[in-house]
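Structure first, commentary second.
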Amino acid sequence: MKLQLALDDLNLFDAINLGQEVRDYVDIFEIGTPFILKEGTDAIREFRKYFPEKEILADTKIVDAGKYESQLAFEAGADYCTVIAITDDLTIAACLEACKEYEKHVFVDTINTPNLDTRVATLENMNVDRISVHVGVDEQTLGRTPLDELRQVKRIANCSTISVAGGIDVETIDKYIAEEPEIVIVGSGITNAASPVGAAKTIFNKIHKK
Ligand SMILES: O=C([C@H](O)CO)[C@H](O)[C@H](O)COP(=O)(O)O
């Protein structure tokens, strides 16, 4: 199991400083969607330069122009990009084509996906092998969590690596670890914690059973 730190509402300077402080307690740095909107793909480039030993995910949340937008992330240095599960199959297929060319990977994000059972089956038939179970920050304000959907996707997915995101923090991490996803994504649970380093260390040690 790995810890992915989602860097969302930070500028480049603060994100790199935080990255350096938590570097020993993070497996994957996520350049979050708002972070990319703020700083552009240079944020990916800078993280690749400062953290050459780390995996980097660009949370592009692609909904169209799948090949071109995946390429932008991969050429900037990302190991992974993301595409939205509810978009057109053609877009997802185009992302997969870019992955093949660049020898990189795409996570398909389930945010707001109805009929998860049938959608996950369709995705896996298209050779999708990475699924990110996600309840977004706006839905989180209604008290929603990704725990039930994580259990559902774990049950139905045959071959996918599964990550999970949506308001996970030091208090709730144990429930997610118990479901054994391959990757747990934590954003505000670390970046907005009283001690981001302390929160990252606690969560990382639980994930790696130290
Ligand atoms: O993907 C995300 C969200 O849509 C904002 O871009 C977050 O990175 C993801 O939800 C993880 O952040 P937290 O929910 O704050 O842990």
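None of the figures in this text is laboratory data; all of them are computed from the coordinates on show. Please read these numbers as outputs of a predicted model, since none were measured by experiment. Positions of Cβ are generated from backbone atoms using ideal geometry, with glycine treated the same way; all protein chains shown enter the neighbour counts.
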Alpha-carbon centroids, the range 43-122 and the range 175-210: separation in whole Å: 23
³J(HN,Hα) computed for each position of the range 74-81 - Karplus, 6.51 cos²θ - 1.76 cosθ + 1.60, integer Hz, glycine/proline x: 5, 5, 7, x, 6, 8, 9, 10
Mean Cβ neighbour count within 10 Å, used as a protection proxy, ranking 89-99, 13-23 highest first: 89-99, 13-23
Mean Cβ count within 10 Å, highest first, over the residues of peptides 33-40, 103-110: 103-110, 33-40
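As a footprinting exposure proxy, order Ser163, Ser188, Ser132 by other Cβ within 10 Å, with the fewest listed first. Working shown, then result.
Details: Ser163 27, Ser188 15, Ser132 30.
Fewest-to-most Cβ neighbours within 10 Å comes out as Ser188, Ser163, Ser132.
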Helix-derived mean residue ellipticity, 222 nm - over the chain, DSSP H n ≥ 4, -39500 (n - 2.57), to 500: -13000 deg cm²/dmol
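Just how large is the dipole of the range 2-207 about the Cα centre, in debye to the nearest 20, putting +1 at every Lys and Arg Cβ and -1 at every Asp and Glu Cβ? List each step's numbers first, then the result.
On the way: 20 positive and 36 negative charges, 58 e Å.
My answer is approximately 280 debye.
Report the per residue volume, in Å³, of the convex hull enclosing the C-alpha atoms of the chain.
On the way: hull volume 23.4 nm³, N = 210.
Taking the convex hull of the Cα positions in the chain, it is 112 Å³ per residue.
Among the listed pairs Lys49/Lys175; Lys100/Lys175; Lys61/Lys154; Lys49/Lys201; Lys67/Lys154; Lys38/Lys206, give every one whose C-alpha distance is greater than 25 Å.
Working: Lys49/Lys175 35 Å; Lys100/Lys175 35 Å; Lys61/Lys154 22 Å; Lys49/Lys201 23 Å; Lys67/Lys154 28 Å; Lys38/Lys206 32 Å.
Too far apart for the 25 Å limit: Lys49/Lys175; Lys100/Lys175; Lys67/Lys154; Lys38/Lys206.
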Formal net charge of residues neighbouring Asp14 (Cβ-Cβ distance under 14 Å; K, R +1; D, E -1): -4
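Under a Cβ-Cβ cut-off of 9 Å, what is the net charge of the residues other than Ser188 that fall near it, where Lys and Arg count +1 and Asp and Glu count -1? Walk me through the intermediate numbers first.
Numbers: positive: none; negative: Asp8, Asp9, Asp169.
Around Ser188, the surrounding residues sum to -3.
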Karplus-derived 3J(HN,Hα), 6.51/-1.76/1.60, for each residue of the range 36-50, Hz, glycine and proline x: 5, 4, 6, 10, x, 5, 4, 4, 5, 4, 5, 5, 4, 6, 6
Positive-end residue of Asn192, Leu72, Ala43, charge dipole of the chain with Cβ unit charges: Asn192
In Hz, Karplus ³J(HN,Hα) per residue of the range 106-118 (6.51, -1.76, 1.60; θ = phi - 60°; x = Gly, Pro): 10, 9, 9, 8, 7, 3, 6, 8, x, 6, 4, 4, 6
